[in-house]
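Visitor: Take a look at this one; I'll ask things after.
The values are calculated or read from the model by the stated rules, or taken from the named source; none is laboratory data. Note that the structure is predicted; figures quoted are calculated from it, not measured. Cβ coordinates were reconstructed from backbone atoms using ideal geometry, including for glycine residues, and neighbour counts include every protein chain displayed.
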Amino acid sequence: MATAYPTFILSDKLTTEQLDFFQKHGFIHFKNFIAPKTVDAIIEASRQVERKWIKNDIKKINGVPIKYGKDLNGLPIVQRFAFINQHHQTLSGLLLDPRFTALLELAGNGARLGTEEKDGMVFNHYINGPESKFSKMGWHTDGLRDIFYGGKLNPMLNVGIHLSTQQPENGGLKIIPGTHKQNIYQMLFRKKYFLDNNPDTAEVSILPNAGDLTVHDGRLWHRVAESSVRGEQSRRRVIYVPIIAGKYAPKDENSPTVFYQRFAGIIK
């Protein structure tokens, strides 16, 4: 398992080196995207949304189930927020950063931030505690969604804004570089979707510091490994925003829950 790879700095235009690295490996890691005070402001904004959703017993946002769990003190927390950008101006304002526009080139012509599509801005809060409901996720590709619904396999990139510093013992995102170029058979059958969380000899561990930004192609095989430590040391927060292409398909409060999201244990 490899843990070393080059990192970059994101500006308002991608360099040839950055484009070439992403096209070859299917992921890229940018250091120091946001400052520590911005990280703190985002976490506080998520807590405000969390308190409101718990108070109002919100089950779904735009048809997407909200994943609840328990914190280390046994109190309820939201462990997976969907469309959180639509519920706090700090989070919607974050997406106005012009550097996001530079990232669209990674997905080609017609690419856009999916702020109103898929699951919008997703805020994941992992904690390895006695009553946590969200500590790991098995191998999968996001391309399966398009295949399942008989649609065209369009590019979908996951932009991760990391709010916690990641150490190897914290588990976290693991990817198999280059698998974004695999054929359909390999995409369907290389792994047992969501059931297999075993390490792969070809996997790379993504180890960001709080404030870093990563992008990985959704067609890559990837998983989220469980932290080997428990308690406060295992706490990890990360935002994901999709970059998508193809037909515009916004969601609203009347959107149905799609089939695969009825299995609460596998949604991302």
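Visitor: Can we say Asn62 is over 23 Å from Asp212 (Cα atoms) and not small (Gly, Ala, Ser)?
Guide: When the stated conditions are applied, Asn62 passes them.
Visitor: Which of the residues that make up the stretch 183-204 are buried (at least 16 other Cβ atoms within 10 Å of the Cβ) and over 21 Å from the mean Cα position of the chain (by Cα)?
Guide: Within the stretch 183-204, just Arg190 meets the criteria.
Visitor: Of the residues that make up the stretch 211-221, is at least one outside any strand (DSSP E or B), touching a Gly at 6+ places or on another chain (Cβ under 8 Å), touching a residue at least 24 places away in the same chain (Cβ under 8 Å) and surrounded by fewer than 21 Cβ atoms within 10 Å (Cβ to Cβ)?
Guide: No, every residue in the stretch 211-221 fails to be outside any strand (DSSP E or B), touching a Gly at 6+ places or on another chain (Cβ under 8 Å), touching a residue at least 24 places away in the same chain (Cβ under 8 Å) and surrounded by fewer than 21 Cβ atoms within 10 Å (Cβ to Cβ).
Visitor: Out of the stretch 3-40, which residues are crowded, with 16+ Cβ neighbours inside 10 Å, in contact (Cβ under 8 Å) with a residue 40 or more places away in the chain and not polar (S, T, N, Q)?
Guide: Those that are crowded, with 16+ Cβ neighbours inside 10 Å, in contact (Cβ under 8 Å) with a residue 40 or more places away in the chain and not polar (S, T, N, Q): Leu10, Leu14, Phe22, His25, Gly26, Phe27, Ile28, His29, Phe30, Phe33, Ile34, Val39.
Visitor: Let me ask something else about it. Suppose we keep only residues that are among the aromatic types (Phe, Trp, Tyr) and in a helix (DSSP H, G or I) within the stretch 162-202. Which one would you say is modelled with the highest pLDDT?
Guide: Phe189
Visitor: Restricting attention to the stretch 70-120, report how many residues are under 22 Å from Phe8 (Cβ atoms), part of a helix (DSSP H, G or I) and out of contact with any helix residue (DSSP H, G or I) (no Cβ under 6 Å at 6 or more places or on another chain).
Guide: 9
Visitor: Could you list, ordered by first residue, the pairs with Cβ atoms under 7 Å in which the first is in the stretch 148-171 and over 16 Å from Arg235 (Cβ atoms) and buried (at least 17 other Cβ atoms within 10 Å of the Cβ) and the second is among the charged types (D, E, K, R) and at pLDDT 90 or above, at least 6 apart or interchain?
Guide: Pairs that qualify, where the first residue is over 16 Å from Arg235 (Cβ atoms) and buried (at least 17 other Cβ atoms within 10 Å of the Cβ) and the partner is among the charged types (D, E, K, R) and at pLDDT 90 or above, are Leu157/Asp217.
Visitor: Inside the stretch 33-57, can you point out the residues that are in a loop (DSSP other than H, G, I, E, B) and either in contact with a strand residue (DSSP E or B) (Cβ under 9 Å, 6 or more places away or on another chain) or farther than 26 Å from Ser11 by Cβ (or both)?
Guide: Phe33, Ile34, Asn56, Asp57, listed by residue number.
Visitor: I want to confirm something. Restricting to the stretch 172-182 and keeping residues that are touching a helix residue (DSSP H, G or I) at 6+ places or on another chain (Cβ under 8 Å) and farther than 20 Å from Lys136 by Cβ, which single residue is surrounded by the fewest Cβ atoms within 10 Å (Cβ to Cβ)?
Guide: Gly178
Visitor: For a quick check of your reading of the model, give me the residue pairs whose first member lies in the stretch 51-72 and is without any contact (Cβ under 8 Å) to a residue 40 or more places away in the chain, whose second is in a helix (DSSP H, G or I), with beta-carbon atoms closer than 7 Å and at least 6 apart or on different chains.
Guide: Ile66/Trp53
Visitor: Inside the stretch 166-182, can you point out the residues that are over 26 Å from Asn32 (Cβ atoms) and within 16 Å of the chain's Cα centre (by Cα)?
Guide: Across the stretch 166-182, the qualifying residue is only Ile176.
Residues are listed down the side, and each one gets a yes or a no for (1) of a type in the set (Lys, Arg); (2) surrounded by fewer than 17 Cβ atoms within 10 Å (Cβ to Cβ); (3) modelled with pLDDT under 95; (4) on the phi < 0 side of the Ramachandran plot:
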position	(1), (2), (3), (4)
Ala45	no, no, no, yes
Val49	no, no, no, yes
Lys52	yes, yes, no, yes
Lys60	yes, yes, no, yes
Leu75	no, yes, no, yes
Arg80	yes, no, no, yes
Ile84	no, no, no, yes
Leu95	no, yes, no, yes
